[in-house]
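Written below as structure tokens is the structure these notes are about.
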Amino acid sequence: MSQICQVGIVMGSTSDWEVMQNAAKQLKEFGITCEARALSAHRSPDLLMEWIEDVTARGARCFIAGAGGAAHLAGVVAAKTPLPVLGVPMPSKHLQGLDSLLSIVQMPKGIPVATFAIGDAGAANAALFAVAMLALGDEAVAKKLAAFREKQTAAVKAAKLPEV
Ligand code: RP5
């Protein structure tokens, strides 16, 4: 039997994994099943379409798409599926991710992509956003998210600055 997958994580290249693993790790912490693939919108468009269909058939509730440069991947995923698509801009060599950010955030009206911060924080936050969406229909996930938030608050409360 094919494996259930709640969140599909896709990135344009294996070189994006260092950043995108933050999304996979964050989902794992919450016990959310996900599948991560490196599939390019321009190098392997047919494989990308097949994978979106496959993951959707296995129960995906949303997609996280990370790409860099002329980063059309998230928009292409959103063109294929009505499920929510969360875009993560990769830091890029020449423009430090500004190209990726603008490519993902400036979707034309009608096909939305929710866009997150460039790099590690964006990948982790995209996963947390996916958790928040899943929590709407899953009490156990909602409790885990509340506990995660409480832990962060407790860490701030306990924080001490060094003596001068
Ligand atoms: C994009 O081009 C990928 O998402 C990656 O961020 C960037 C560079 O890819 P590689 O040349 O490292 O494969 O498609």
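Every read-out reported here was derived from the displayed coordinates using simple, explicitly stated rules and does not represent laboratory data. As the structure is a prediction and not an experimental result, all values here were calculated from the model. Reconstructed Cβ throughout: ideal geometry from the backbone, glycine too, with neighbour counts over all protein chains shown.
If I take all pairs of Cα atoms in segment 47-125, what percentage of them are more than 19 Å from each other?
On the way: 1023 of 3081 pairs.
Value for segment 47-125: 33 percent of Cα pairs lie more than 19 Å apart.
Return the subset of 109/144; 93/160; 25/109; 25/93; 109/151; 28/80 for which the Cα-Cα distance in this structure is over 30 Å, preserving the input order.
109/144; 93/160; 25/109; 109/151
Would you calculate a helix-derived [θ] at 222 nm for the chain, using -39,500 (n - 2.57) for each DSSP H run of n ≥ 4 and dividing by the full residue count, to the nearest 500?
Helix-only estimate at 222 nm: -15000 deg cm²/dmol.
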- prompt: At q = 0.13, 0.18 Å⁻¹, what is the log10 ratio I(q)/I(0) for the chain, with the Debye formula run over Cα points and no solvent?
  reply: -0.60, -1.05
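Dipole of the chain, Cα-centred, from +1 at each Lys and Arg C-beta and -1 at each Asp and Glu C-beta, to the nearest 20 debye?
Details: 15 positive and 14 negative charges, 73 e Å.
So the dipole magnitude of the chain works out to roughly 360 debye.
Answer rounded, prolate or oblate for segment 1-87, using the Cα gyration tensor with square roots of eigenvalues a ≥ b ≥ c: rounded when a/c is under 1.5, else prolate when a/b is larger than b/c, else oblate.
Details: a/c = 1.69, a/b = 1.17, b/c = 1.45.
Note, shape of segment 1-87 comes out oblate.
Highest first, please rank the peptides 4-14, 95-105, 132-142 by the mean number of other Cβ atoms sitting within 10 Å of their residues. Intermediate values should be presented prior to the final figure.
On the way: 4-14: 21.8, 95-105: 19.4, 132-142: 14.0.
With the highest mean Cβ count within 10 Å placed first, the list reads 4-14, 95-105, 132-142.
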- line: Checking rank on 39-47, 113-121, with mean other Cβ inside 10 Å and highest first, the result is 113-121, 39-47
message: Give me the percent relative contact order of segment 53-120, please, defined on Cα pairs under 8 angstrom at least 6 residues apart.
response: 32
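Take peptides 29-35, 67-73 and line them up by average Cβ neighbours within 10 Å, highest first, as a rough protection proxy. Write out the running numbers ahead of the final one.
Details: 29-35: 16.6, 67-73: 23.3.
In decreasing order of mean packing, 29-35, 67-73 become 67-73, 29-35.
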- line: So the angle from the long Cα axis of helix 17-29 to the longest Cα principal axis of the chain, reported in degrees to the nearest 10, equals 60
query: What does a probe at residue 79 reach in segment 37-56, counting residues whose amide N is under 15 Å from the point 7 Å along Cα→Cβ?
result: 40-50, 52
query: Between residue 87 and residues 5 or more places away or on another chain, which pairs have amide H atoms under 5 Å apart, with H built 1.01 Å from N, and which residues are they?
result: 65, 114, 115, 116
